[in-house]
Amino acid sequence: MQEKDEKGVKKCDCPIDGVAQIIGSKWNIVILRDLFLGKKHFNEFRKANPEISNKVLAQKLRELESLGLIIKKHEGDKSCYELSEDGKELKPVMQTMAEFGKRYCDKLTHYQDLISKL
C-alpha cells in the first residue's frame, strides 16, 4: 500500500503523478474549472453540474479545501468558495488542458464526421 501525506495524498516520486492525484478526479477538475470563473456558492456548483450529488460535492469541496487549493468563506448565513493562492497557480495547467482539449475535441469531431460518411 502506498504511503499518504498529512493531507491524504499518496506520496509519489513523480510530480506529474502527484498533480494528477489531486486534479485528476472528475469532480475536482470541474470544481477548479468553475472557480477559475469566479467565486461560487454551493448551489451554484450544483446548478452548473446537476449530475453531482450534494454528498459528493460537499466531500470534494472539503478535499480541495484540505489540500489548500480552495478557500471557504462565510458571507452572512451562506458560504462561498474561491481559489487559494496555490489554487491560482494551476491557471497555466488548466489553460494548457483547455487548449489541448479544444484541439483534440476538434480532431475527434472531424474524425467522427468522416466515419459517419462511410
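Expressed as a rounded percentage, what relative contact order does segment 15-116 have, with Cα pairs under 8 Å and six or more residues apart?
Working: 71 pairs, mean separation 24.3, N = 102.
This gives 24 percent for segment 15-116.
Whose amide H sits under 5 Å from the amide H of His41, counting only residues 5 or more places off or on another chain, with H placed in the peptide plane?
Long-range HN contacts for His41: Tyr81.
Whole-Hz Karplus ³J(HN,Hα) for segment 64-80, in order, using 6.51 cos²θ - 1.76 cosθ + 1.60 and θ = phi - 60°, x for Gly and Pro?
Coupling constants for segment 64-80: 5, 5, 5, 7, x, 8, 10, 10, 9, 10, 9, 10, x, 8, 10, 10, 10 Hz.
Starting with the highest mean, order 101-108, 32-39, 86-93 by the number of other Cβ atoms within 10 Å, averaged over the residues of each peptide. Walk me through the numbers on the way to the answer.
Working: 101-108: 10.2, 32-39: 15.6, 86-93: 13.6.
Ranking, from highest mean packing down: 32-39, 86-93, 101-108.
Would you mind checking Lys47/Lys91; Lys39/Lys102; Lys55/Lys88; Lys73/Lys107 for any pair whose Cα atoms are more than 31 angstrom apart? Each step should come with its number before you reach the end.
Working: Lys47/Lys91 23 Å; Lys39/Lys102 24 Å; Lys55/Lys88 25 Å; Lys73/Lys107 41 Å.
Distance filter (> 31 Å) returns Lys73/Lys107.
Every number here is computed from the coordinates shown, using simple stated rules; none is lab data. Keep in mind the model is a prediction, meaning the values are calculated, not measured. Here the Cβ is made from the backbone with ideal geometry for all residues, glycine too, and neighbour counts use every protein chain on show.
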